[in-house]
Amino acid sequence: MKAGMEVQEFRMQVILTEEERQPCEVWTRVMGYHRPVSSFNIGKQGEHRERRFFREAPRHSR
């Protein structure tokens, strides 16, 4: 790329009607098995919604 040239990124937004939409099944790993969240009981589904995600800082080598 030549100096001074700009790269423009175009993002298209897709808008669907209610008739075009479809449900998305979410799976998660529990106790070593992959299972759909929809198969969880009400309490477990609540726990899944409350999960927090984090990134662990890399260890410093000694």
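The values are calculated or read from the model by the stated rules, or taken from the named source; none is laboratory data. Given the structure is predicted, the values throughout are model-derived calculations rather than measurements. Backbone-built Cβ (ideal geometry, glycine too); neighbour counts: all protein chains shown. Areas reflect the complete protein model, heavy atoms only, side chains present, ligands, DNA and RNA absent. Shrake-Rupley method; radii C 1.70, N 1.55, O 1.52, S 1.80 Å.
Just a few scattered comments:
- Number of positions in segment 30-62 that are over 14 Å from the mean Cα position of the chain (by Cα), open to solvent by 100 Å² or more (accessible area, probe 1.4 Å) and at pLDDT below 90: 8
- Single residue of segment 12-29 satisfying the filter (charged (D, E, K, R) and over 19 Å from the mean Cα position of the chain (by Cα)) that is most open to solvent (accessible area, probe 1.4 Å): E19
- On the stretch given as segment 14-62, residues that are assigned to a helix (DSSP H, G or I) and of a type outside the set (S, T, Y) total 9.
- Pairing residues of segment 2-14 that are of a type outside the set (S, T, Y) with residues that are open to solvent by less than 100 Å² (accessible area, probe 1.4 Å) and modelled with pLDDT under 75, at Cβ distances under 7 Å and at least 6 apart in sequence or on separate chains, gives no pairs at all.
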